[in-house]
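Engineer: First the structure, then my questions, so here it is.
The values are calculated or read from the model by the stated rules, or taken from the named source; none is laboratory data. Please read all numbers here as calculations on a predicted model, not as lab measurements. All Cβ positions, even for glycine, are placed from backbone atoms using ideal geometry, and neighbour counts span all protein chains on display. Ligands, DNA and RNA are stripped out before the accessible areas are found, and what is left, the full protein with its side chains, is counted by its heavy atoms. Shrake-Rupley method; radii C 1.70, N 1.55, O 1.52, S 1.80 Å.
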Amino acid sequence: MSVKSPETAVVFSTGKDRSVGLPRRRRLSSYFGWGLAWACAGLVVSALLDLLVTVVMKGVTSFRWDMLTTVTHGIAGGLQNAILGTLWIVGIAIVMAAPVGILGGVYLSEFARSGWARTVRFWTEVLSGVPSIVVGYFIYLLLVLGLGWGFSALAAGIALLIIMLPYIVSSTESTLRQVPWSLREGAWALGLTRFQAVSRVVWRPAAGGIATGVLTSIAVALGETAPLLYTAGWSAYNPDWHLTHSQVGYLTYVVWTYIEQPYPEAHALAYSAAFLLLVVILCIHILVRMLVRRWGGGAKSHL
Amino acid sequence: MSQRKRGEMHVMSQRRASRWADIGFRGVAAVCSAMPLVVLAAILAVVVAGAMPSIRYMGWRFITDITWNLGNLYGAISVHGGVRAPAGASYGALVFLVGTLASSAIALVIAVPVSVLTAAVLAYQVRGPLQSLLSFLVELLAGIPSVVFGLWGILVLAPWVGSQLGPGIAHLFGWVPFLGGSAGTGLGLLTSGLVLALMITPIITAAVRDLLMQVPRLYREGGIGLGLTSWEVLRHVCLPIVREGLIGAVALGWGRAMGETMAVLMVGGSALNQLPQNLYSPISTMAAVIANQLDSALTDASHMAVHALAELAALLLVLTVVTNLVARLLVHRVGWTAGARGVRV
């Protein structure tokens, strides 16, 4: 580059090449540090890619389309019972979790005093840190044994509800908080009550964010195993759509039990189940990503 | 009644209806917003109540004894300390407590530096499409089901640990106690720690990245203006500012690692009644044992096994809730103070 005058030369040397006068030791340690940081990022990404490639390769080679239409027989057969069971349990859970979570989030954002909102937000985060096996065991003690429901779809659905609730509450609340205050004031000035303001005006810009929260919670629920062990049981038949007193199969159970069997047919079932789960969950995550990009803001990554 | 008057009454009744709708909605929503608190309290109450018989039966031996023995399930039921249990039953959870702490400690030792450095790259080194791609990959890692991690552990990681990493470490550092010995099949403590490390990395990374992004830009520019390199700004300006939040993020990851069930169940090697002898020994964590002992809970007529597992769940719950409380408090404090300083640019 051509340097016209001494002043610009000074500006250039401080702006672009600030490490010109550094002792070599500091420069090297800087390079070394960032090199290490990039290596760590590379390690994480390559582990993820290795995991994805391994599961997809195993899945593609062992998946057969007729697995979707046959049920499990002993160590072989298909996955229809597990797929329908997973959908049945997650369906029950989302039917309960979505209204409760969205209403709770709306209350925290629109009606609650800030002290209550902060308290609930804090304990919601703590609830999301409760190990999922403990949630499953809680439902086992309370509903499966206590109320005598036995292993059942409803007990499993309620266990998943507890897992999903924090995601939906916090994403609903945080997206509603991003809606400009002037929208609410406009609605109230037109004579709408607070409920009408929320139900007719304020939810519209937040709809995308709320949807991403619900979708994320569905992705989490699809991949859960631990809360279902003590609540859903296992069944090699298609679900009979009874809420209680009837065991249900699910996909993650196939993955962890059948991989420990010494038969290739059982392994094929486990690989296929993991592959199906991974594909569905990947699709949901990509959809969420697109929604967030389209609607802006959206759910913060609530882990 | 004139047309106008009827219109007014209509408006009145409509307004009253909408007020009642407002109150009703507010009430229902308030109940819903209390659900997380109610559920958390119910979990604590039910699990602790379920654990009471076992607490009375075992006392402190629950956390000092290493023998987990269901007793003679087909023999006579004995009464001990006012509690009915199968003859010879002993529920000592020390092995599982040690397994939980050891595997989560290994996971932290690996995951914390990796996550902090990855977060620094995400926060300061990349921008635009590359940043959103890398962030997406890290968040995707958090979304992968734990059974899939377990599957990958069995297929890829355990064979590698058993045949290369384990013998390598034993060869180089065999003189250090606990690091020597045979790596066996690779299913054990080290593999569990590695899988857990990969599972908690996205959690710590996301939290630290958000913290680093909260560091006021003026502070970083001040560091650059004083002639620090960007690495020195990270070391001496940014990390000290977020230190408390960093500890919180680590505690968050630790809580998750202790509570993780399926992956450890699949790669841990399911140890019973034996403390880990070296880095490659089979282990069980508390969460994995609860999952693994489903059959015993179903077959014990005195239900003592159910109570013992409930005590295990209660212990795990207390451990994870306490670490989570500490973590959330620390993470929030940084958020609040950074906001209160009012210099965010």
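Engineer: Provide a single number: the residues in segment A:142-183 that are in contact (Cβ under 8 Å) with a residue 24 or more places away in the chain and in a helix (DSSP H, G or I).
Structural biologist: So the count comes out to 28.
Per-residue answers, yes or no, for (1) within 11 Å of another protein chain (Cβ to nearest Cβ); (2) over 30 Å from B:Leu309 (Cα atoms); (3) not in a helix (DSSP H, G or I):
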site: A:Ile210; (1), (2), (3): no, yes, no
site: A:Ala232; (1), (2), (3): no, no, yes
site: A:Tyr237; (1), (2), (3): no, no, yes
site: A:Gln247; (1), (2), (3): no, no, yes
site: A:Ala270; (1), (2), (3): yes, no, no
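Engineer: Just to verify a result, which residue in segment B:276-308, among those that are open to solvent by 60 Å² or more (accessible area, probe 1.4 Å) and of a type outside the set (Ser, Thr, Tyr), is nearest to the chain's Cα centre (by Cα)?
Structural biologist: B:Asn292
Engineer: Still on this structure: Scan segment A:99-149 residue by residue and report those that are among the hydroxyl-bearing types (Ser, Thr, Tyr) and either under 19 Å from the mean Cα position of the chain (by Cα) or outside the structural domain of A:Thr175 (by TED's automatic domain parsing) (or both). Step through it out loud before you land on a result.
Structural biologist: To start, the set of residues in segment A:99-149 that are among the hydroxyl-bearing types (Ser, Thr, Tyr) comprises A:107, A:109, A:114, A:119, A:124, A:128, A:132, A:137, A:140.
Passing the criteria: A:Thr124, A:Ser128, A:Ser132.
Engineer: Identify, from the list A:Leu22, A:Leu103, A:Leu43, the residue that is touching a Ser or Thr at 6+ places or on another chain (Cβ under 9 Å) and at pLDDT below 85.
Structural biologist: Going through A:Leu22, A:Leu103, A:Leu43 in turn, the sole match is A:Leu22.
Engineer: Which condition from (1) modelled with pLDDT of 90 or more; (2) outside any helix (DSSP H, G or I) is the one that B:Ala263 breaks?
Structural biologist: (2)
Engineer: Select from segment B:26-40 the residues that are closer than 20 Å to A:Gly129 by Cβ and more than 9 Å from chain A (Cβ to nearest Cβ) and list them in ascending order.
Structural biologist: At the first step, the residues of segment B:26-40 found to be closer than 20 Å to A:Gly129 by Cβ are B:33-40.
B:Val38, the sole residue that qualifies.
Engineer: If you don't mind, there's one more thing I want to ask. I'd like to know if segment A:259-266 contains one or more residues that are touching a residue at least 12 places away in the same chain (Cβ under 8 Å), in contact with a Leu (Cβ under 8 Å, 6 or more places away or on another chain) and more than 10 Å from chain B (Cβ to nearest Cβ).
Structural biologist: no
Engineer: Looking only at residues that are of a type in the set (Val, Ile, Thr) and open to solvent by 10 Å² or more (accessible area, probe 1.4 Å) in segment A:263-285, which one is farthest from the chain's Cα centre (by Cα)?
Structural biologist: Filtering segment A:263-285 for residues of a type in the set (Val, Ile, Thr) gives A:279-281, A:284.
Subsequent filtering for residues that are open to solvent by 10 Å² or more (accessible area, probe 1.4 Å) retains A:279-280, A:284.
Numbers: A:Val279: 14, A:Val280: 12, A:Ile284: 9 Å.
Within segment A:263-285, the match that is farthest from the chain's Cα centre (by Cα) is A:Val279.
Engineer: Assuming B:Gly245 fulfils every condition listed in (1) surrounded by fewer than 20 Cβ atoms within 10 Å (Cβ to Cβ); (2) modelled with pLDDT under 90; (3) farther than 30 Å from B:Thr67 by Cβ apart from one, which condition is it?
Structural biologist: Result: B:Gly245 fails condition (1) only.
Engineer: So which residues in segment A:184-196 are at pLDDT 90 or above and either in contact with a Pro (Cβ under 8 Å, 6 or more places away or on another chain) or not basic (Lys, Arg) (or both), if there are any at all?
Structural biologist: A:Glu185, A:Gly186, A:Ala187, A:Trp188, A:Ala189, A:Leu190
Engineer: On to the next question. Would you mind stating whether B:Ile23 is buried (at least 18 other Cβ atoms within 10 Å of the Cβ), within 10 Å of chain A (Cβ to nearest Cβ) and assigned to a helix (DSSP H, G or I)?
Structural biologist: For B:Ile23, the condition - buried (at least 18 other Cβ atoms within 10 Å of the Cβ), within 10 Å of chain A (Cβ to nearest Cβ) and assigned to a helix (DSSP H, G or I) - is not met.
Engineer: Here are some conditions: (1) assigned to a helix (DSSP H, G or I); (2) more than 8 Å from chain B (Cβ to nearest Cβ); (3) open to solvent by less than 40 Å² (accessible area, probe 1.4 Å). A:Tyr137 meets all but one. Which one does it not meet?
Structural biologist: If we test A:Tyr137 against (1) assigned to a helix (DSSP H, G or I); (2) more than 8 Å from chain B (Cβ to nearest Cβ); (3) open to solvent by less than 40 Å² (accessible area, probe 1.4 Å), just (2) comes out false.
Engineer: Scanning for something buried (at least 19 other Cβ atoms within 10 Å of the Cβ) and of a type in the set (S, T, N, Q), does segment A:198-209 turn up at least one residue?
Structural biologist: Checked segment A:198-209: no residue is buried (at least 19 other Cβ atoms within 10 Å of the Cβ) and of a type in the set (S, T, N, Q).
Engineer: A further question on this structure: Pull up segment A:28-63, narrow it to residues that are open to solvent by 30 Å² or more (accessible area, probe 1.4 Å) and of a type in the set (S, T, N, Q), then point me to the one that is farthest from the chain's Cα centre (by Cα).
Structural biologist: Looking at residues that are open to solvent by 30 Å² or more (accessible area, probe 1.4 Å) and of a type in the set (S, T, N, Q), I get A:Ser29.
Engineer: Which condition does B:Ala51 not pass, out of (1) touching an Asp or Glu at 6+ places or on another chain (Cβ under 6 Å); (2) of a type in the set (A, V, I, L, M, F, W, C); (3) over 23 Å from A:Phe138 (Cβ atoms), if it passes all the others?
Structural biologist: (3)
Engineer: Just to confirm my filter: which helices (runs of 4 or more DSSP H) fall fully inside segment B:113-200 and include at least 1 residues that are within 14 Å of another protein chain (Cβ to nearest Cβ) and buried (at least 17 other Cβ atoms within 10 Å of the Cβ)?
Structural biologist: It comes to B:129-143, B:146-152.
Engineer: Within segment B:222-243, can you find the residues that are more than 25 Å from B:Ala327 (Cα to Cα) and away from chain A (no Cβ under 12 Å)?
Structural biologist: B:Gly222
Engineer: Next question. If I filter segment A:100-115 for residues that are within 29 Å of B:Leu325 (Cβ to Cβ) and open to solvent by 60 Å² or more (accessible area, probe 1.4 Å), do I get at least one hit?
Structural biologist: yes
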